[in-house]
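Undergrad: Attaching a single structure in structure tokens format; questions to follow.
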Amino acid sequence: MAYPYWRLSAFYLFYYACLGTWIPYWPLYVQYIGHSALVIGLTSAVFHSTRIIAPNIWGYISDSSGERLKIIRLGCFFAFVAILGMLLSTKVWVLTFVLLVFSFFWSAVLPQFEVLTLNYLGSRQAHNYGRVRLWGSIGFIFAVFGCGAIFNWLPLSTFPWILCAVLLMLWWSSLVVPPQQASPGREVETGQESFLKIALKRHVWGYLVAVILMMASFGPYYGFFSILLKDTGYPLISVSLFWCVAIAAEVLIFVYIRQMYRFVGIRNLLLTSIVLAAIRWLITGAFPENVALMTFAQTLHAFSFAAFHACMIEFIRRLFPQSQHGRGQAMFNSLGYGVGSVLGAVFAGLVWDDLGATTYFFAAGLALCAFVFAYIATLHQDFYEAPEKSGELNDSSVS
């Protein structure tokens, strides 16, 4: 059965182009308009804070109503409207309010679109997820490099305008995604366990703690990596190139994720990704002035983020029945990208002025703690069962 490859891919392209505009340049923008490292950390935490609750609200509404695509479109539109508020003032309270509203609607988008994509692919085509998702990485690269070039001849005060333009394109891309003929969220599999019963299983919570710790380890990276490079003496174009190296490496993972599942195994891939994350943070904290080592550390983004993320998505797909996928994705997003990211952002904001690059050593410690929980949690057989056993590696058509 064909699936709308290019329209799904276009959405990922613009979604991650938004993140490619936001993540590297938000800290620089906040610094440019005169705020401190603490404000950078706290505003980043505000952005992530609503992801603790909001994804679960949107997931419940989506699973209950079956109107997943409408909710995605609504989230994209009101996220765009919210960011328009950044054009009104640069005061901290205004930025905080804007980010709260923006993040609430932004939280409706990706978890539900992941479910929509997996529903289109189905269990027999799930391995093609990487082929669709890689366009998100490409969008991130174009945004990072494009903004780096723009900010070489335009001031950082134009950042909100650029972000608004990309968000408008994201909303447009949501409009061209066709609705599914059936609403899988309304279907309940015979004899399935309740969502709460599955969520409370010991190995599920072990993995959740691992996700929280892993995402917390990214706090210094997302909040202060661009500032670290700038303070070390790199020009802005080099800052964007370092980000592009990371995402280019990420693309390769999504291209070959099917083969890696088959030959490496999902459990081994997950655990290796966490260890490489710890190595990445140690290198970043110890050798920020060494171009070769920093470039190598950025290539490890392929595993520390991309492979880890892909394993998480596959885990949720296998663990929860189809009628609970929306809530499953929302739970992992709210705890990992919500709780974990808030803790990481607040911690980094509080200590960065005093510790600087040394903050990354604490990030490495968090990643190693995540390894312990992931190792124990993934001993559960259902997690790393080879996908080919269920016939999921057959080829499929796209449209």
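Undergrad: For the range 165-208, how many residues meet the condition of being part of a helix (DSSP H, G or I) and either touching a strand residue (DSSP E or B) at 6+ places or on another chain (Cβ under 7 Å) or at pLDDT below 65 (or both)?
TA: Qualifying residue count, the range 165-208: 3.
Undergrad: So, one more: So residue 125 ticks every box in (1) over 30 Å from residue 33 (Cα atoms); (2) in contact with a helix residue (DSSP H, G or I) (Cβ under 6 Å, 6 or more places away or on another chain); (3) not in a loop (DSSP other than H, G, I, E, B) but one. Which box is left unticked?
TA: The failed condition is (2).
Undergrad: Another question about this same structure. So which of 59, 34 ends up being of a type in the set (Gly, Ala, Ser) and either closer than 30 Å to residue 179 by Cβ or crowded, with 20+ Cβ neighbours inside 10 Å (or both)?
TA: Details: 34 fails: either closer than 30 Å to residue 179 by Cβ or crowded, with 20+ Cβ neighbours inside 10 Å (or both).
The conditions single out 59.
Undergrad: A follow-up question, please. Looking only at the range 62-90, filter to residues that are at pLDDT 90 or above and of a type in the set (D, E, K, R); which one of those is surrounded by the fewest Cβ atoms within 10 Å (Cβ to Cβ)?
TA: 70
Undergrad: Among the residues of the range 231-275, what is the count of those that are among the aliphatic types (A, V, I, L, M), in contact with a helix residue (DSSP H, G or I) (Cβ under 7 Å, 6 or more places away or on another chain) and more than 29 Å from residue 353 (Cβ to Cβ)? Before you say what the answer is, go through the steps one by one.
TA: Within the range 231-275, the subset among the aliphatic types (A, V, I, L, M) is 236-237, 239, 241, 245-249, 251-253, 255, 257, 260, 264, 266, 269-271, 274-275.
Retained after the next criterion (residues that are in contact with a helix residue (DSSP H, G or I) (Cβ under 7 Å, 6 or more places away or on another chain)): 236-237, 239, 245-249, 251-253, 255, 257, 260, 266, 269-271, 274-275.
Among the residues that remain, those that are also more than 29 Å from residue 353 (Cβ to Cβ) are: 248-249, 251-253, 255, 257, 260, 266, 269-271, 275.
Number of matching residues: 13.
Undergrad: Just to be sure I understand, how many residues within the range 208-241 are aromatic (Phe, Trp, Tyr) and without any contact (Cβ under 8 Å) to a residue 12 or more places away in the chain?
TA: At the first step, the residues of the range 208-241 found to be aromatic (Phe, Trp, Tyr) are 218, 221-222, 224-225, 234.
This time we only want the ones that are without any contact (Cβ under 8 Å) to a residue 12 or more places away in the chain, so: 234.
Number of matching residues: 1.
Undergrad: Suppose the filter is more than 19 Å from residue 28 (Cα to Cα), modelled with pLDDT under 90 and out of contact with any Asp or Glu (no Cβ under 7 Å at 6 or more places or on another chain); does residue 128 pass it?
TA: Numbers: more than 19 Å from residue 28 (Cα to Cα): yes; modelled with pLDDT under 90: yes; out of contact with any Asp or Glu (no Cβ under 7 Å at 6 or more places or on another chain): yes.
Answer is yes for this residue.
One line per residue, one yes/no per condition, for (1) in a helix (DSSP H, G or I); (2) under 30 Å from residue 248 (Cβ atoms); (3) without any contact (Cβ under 8 Å) to a residue 40 or more places away in the chain:
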position	(1), (2), (3)
16	yes, yes, no
22	yes, yes, no
25	yes, yes, no
35	no, no, no
41	yes, yes, no
55	yes, yes, no
58	yes, no, no
71	yes, no, no
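Undergrad: Just to be sure I understand, how many residues within the range 215-251 are among the β-branched types (Val, Ile, Thr) and under 19 Å from the mean Cα position of the chain (by Cα)?
TA: From the range 215-251, those among the β-branched types (Val, Ile, Thr) are 227, 232, 237, 239, 245, 247, 251; that's our starting set.
Retained after the next criterion (residues that are under 19 Å from the mean Cα position of the chain (by Cα)): 245, 247, 251.
Selection size over the range 215-251: 3.
Undergrad: Which one of these is surrounded by fewer than 24 Cβ atoms within 10 Å (Cβ to Cβ), at pLDDT 95 or above and of a type in the set (Phe, Trp, Tyr): 287, 305? Explain how you work it out, then say what you get.
TA: Details: 305 fails: at pLDDT 95 or above.
The unique qualifying residue is 287.
The values are calculated or read from the model by the stated rules, or taken from the named source; none is laboratory data. These figures come from a predicted structure and were not determined experimentally. Note that we place each Cβ from the backbone using ideal geometry, even for glycine, and neighbour counts take in every protein chain shown.
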